[in-house]
Amino acid sequence: VAESEARLEAASRSQQLLDVIPAGVYAVGRTGVITNYNRQAAELWGRAPKPGDIDERFWLAVHEAGDSPRRSHVSAVKAALRPGTPVRGEEALIERPDGSRIPVHINVDAIRDAAGRIAGAIVVFQDVTHLKRAEAAGHVGSAAADRGDSAAGMVEGAAADRGVGAAGLVAGAAA
């Protein structure tokens, strides 16, 4: 009973930690099923995932010149899940249930189990609407353009503060 209570308490603390990060954060298992997410992710998506939802459901399929539709973040998540390649600052669009669209920068890293095998991925995404507006007006500086990486750094820093690593932070919240 004490071990069960300790796990619930750790999960609650991890979720509280994730919820104060001012960026969307979610984790997926090897098949792309969302295993955990924070409050900001649900706010940006305009809805909360249901059990068994895959992350592709929350992103807009983008048509590129003559290409079939693709979800730009999907290649980033797949890169993290297959060879474990991290992705930084990729742009994507969220399409919300009301039809509105939000541009975001995405950062993705593989989550590895104790044996070093890829067990899933953690995705951090940040609304960059303000940057797109400034870019359209010709007022974007290089520091603002790099802002997508700052959200990933916040997650990694928060995990390090707890001494668990990003995988432990997300896995602990999902437990």
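The values are calculated or read from the model by the stated rules, or taken from the named source; none is laboratory data. Remember, it's a predicted structure, so these values are computed and weren't measured experimentally. Cβ placement follows ideal geometry from the backbone for every residue including glycine, while neighbour counts extend to all protein chains displayed. Side chains are part of the model used for accessible areas, which takes the heavy atoms of the whole protein and leaves out ligands, DNA and RNA. Shrake-Rupley method; radii C 1.70, N 1.55, O 1.52, S 1.80 Å.
For the reader, a short list of remarks on this structure follows.
- Sum of side-chain charges, L81 neighbourhood, beta-carbon under 12 Å (Lys, Arg +1; Asp, Glu -1): +3
- Neighbourhood charge, 12 Å Cβ-Cβ cut-off, centred on P97 and excluding it, Lys, Arg +1 and Asp, Glu -1: +2
- Stokes-Einstein diffusion coefficient of segment 1-46, Kirkwood radius over Cα pairs, 20 °C, 1.002 mPa s, in µm²/s: 184 µm²/s
- Sulfur and carbon atoms: percent of accessible area, segment 72-137 [1.4 Å]: 50 percent
- Take each peptide in 18-25, 131-138, count the other Cβ atoms within 10 Å of every residue, and average; sorted highest first, the result is 18-25, 131-138.
- Cα gyration tensor shape for segment 73-118, rounded if a/c is under 1.5, else prolate or oblate: prolate
- Summed side-chain charge close to G24 - residues other than G24 whose Cβ falls under 12 Å, Lys, Arg +1, Asp, Glu -1: -3
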